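A.B. asks: Can you keep this structure in mind? I'll have questions shortly.
The values are calculated or read from the model by the stated rules, or taken from the named source; none is laboratory data. These numbers come from a predicted model, not from an experiment. Reconstructed Cβ throughout: ideal geometry from the backbone, glycine too, with neighbour counts over all protein chains shown.
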Amino acid sequence: MEPTPTTVAQTAVKPKFRGRLHQVGFFVSIPMGFAIVIAAPTAKAKIAVAIYSVCISLMLGTSALFHVHNWTPEARRVMRRMDHAMIFAAVAGTYTPIAVLALHGTTQTLILWLVWVGGVLGAIQQLVWIDAPKWATAVVYLAIGWVAVAAVHEIYTSSGPWALGLIILGGILYSMGAVVYALRKPNPKPQIFGYHEVFHALVLAALISHYIAICFITLNG
């Protein structure tokens, strides 16, 4: 008897760490999110970092759920759409406290509009065009993710070199992850820790860098 797509999906061997990094990240993100919301000195700051924290936890939780569980082919397609869409929520969520607390006037408004409209459109694109090539998906993520380039000087002036440096470092780490995702390389231990785990590790490193930057911006604003 020929194997069906369902049986193939259920018996395929995943790398041992597939989804585990983001699973740990999800559980860590919850108390870290509460911590920064509690520490935020103003109501405006609390709302901004709460949006950020929720978006990051949703992204990590969806990623962990998608990658750890063995889904049927039909359910996998749905979860993959959600997984990719949540990345746009994380990008827009990360920009929210940066724009609200470190930027002002037209620049603030423009950045918020760009990342949230771009994020919504990107999420819709992922929900509609789930079979998009990896390189195309990576390009869209990077295009929205590097919007901050337009506000480098203002971020430096308002929040200092450490916050700006950490934001740039996070962007570089995200970009490296996007390249790994698109090329599927390096793929060190396919049965244990493959290219996708390298991608997830770089995402977590970027999240940490941006979290520290947002702490600087929130507490020193």
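A.B. asks: Could you pull out the residue among Gly33, Gly25 that is modelled with pLDDT of 95 or more and either farther than 18 Å from Ala205 by Cβ or surrounded by fewer than 21 Cβ atoms within 10 Å (Cβ to Cβ) (or both)? Outline the logic, then answer.
C.D. replies: On the way: Gly25 fails: either farther than 18 Å from Ala205 by Cβ or surrounded by fewer than 21 Cβ atoms within 10 Å (Cβ to Cβ) (or both).
One residue alone meets the criteria, Gly33.
A.B. asks: Right, here's the next one. Could you pull out the residue among Val37, Val49 that is without any contact (Cβ under 8 Å) to a residue 24 or more places away in the chain and more than 27 Å from Phe193 (Cβ to Cβ)?
C.D. replies: On the way: Val49 fails: without any contact (Cβ under 8 Å) to a residue 24 or more places away in the chain.
Exactly one residue qualifies, and that residue is Val37.
A.B. asks: Still on this model: Does Ile130 meet the test of being at pLDDT below 90, closer than 24 Å to Gly19 by Cβ and not hydroxyl-bearing (Ser, Thr, Tyr)? Write out each step before concluding.
C.D. replies: On the way: at pLDDT below 90: yes; closer than 24 Å to Gly19 by Cβ: yes; not hydroxyl-bearing (Ser, Thr, Tyr): yes.
Answer is yes for this residue.
A.B. asks: I'm told Ala85 meets every condition in (1) over 23 Å from His22 (Cα atoms); (2) modelled with pLDDT of 90 or more; (3) crowded, with 20+ Cβ neighbours inside 10 Å except one. Can you identify the failing condition by its number?
C.D. replies: Single failed check for Ala85: (1).
A.B. asks: Here is a follow-up. Restricting to the range 125-154, name every residue that is free of Cβ contacts under 8 Å to residues at least 24 places away in the same chain, within 19 Å of Met79 (Cβ to Cβ) and not polar (S, T, N, Q).
C.D. replies: Passing the criteria: Val128, Trp129, Asp131, Ala132.
A.B. asks: Against the definition (closer than 30 Å to Pro73 by Cβ and either part of a loop (DSSP other than H, G, I, E, B) or out of contact with any strand residue (DSSP E or B) (no Cβ under 6 Å at 6 or more places or on another chain) (or both)), how does Val117 come out, yes or no? Reasoning before the result, please.
C.D. replies: Details: closer than 30 Å to Pro73 by Cβ: no; either part of a loop (DSSP other than H, G, I, E, B) or out of contact with any strand residue (DSSP E or B) (no Cβ under 6 Å at 6 or more places or on another chain) (or both): yes.
No.
A.B. asks: Next question, about the same structure. Quick one: what pairs do we get from the range 62-77, first residue outside any helix (DSSP H, G or I), second exposed (fewer than 12 other Cβ atoms within 10 Å of the Cβ) and aliphatic (A, V, I, L, M), C-beta under 9 Å, 6+ apart or different chains?
C.D. replies: So the pair list comes out as Asn70/Ala12.
A.B. asks: What number of residues in the range 101-114 are part of a helix (DSSP H, G or I), closer than 15 Å to Val147 by Cα and in contact with a helix residue (DSSP H, G or I) (Cβ under 7 Å, 6 or more places away or on another chain)?
C.D. replies: Filtering the range 101-114 for residues part of a helix (DSSP H, G or I) gives 101-102, 105-114.
Then keep just the ones that are closer than 15 Å to Val147 by Cα; that gives 102, 106-114.
Subset that is in contact with a helix residue (DSSP H, G or I) (Cβ under 7 Å, 6 or more places away or on another chain): 102, 107-108, 111-112, 114.
So the answer is 6.
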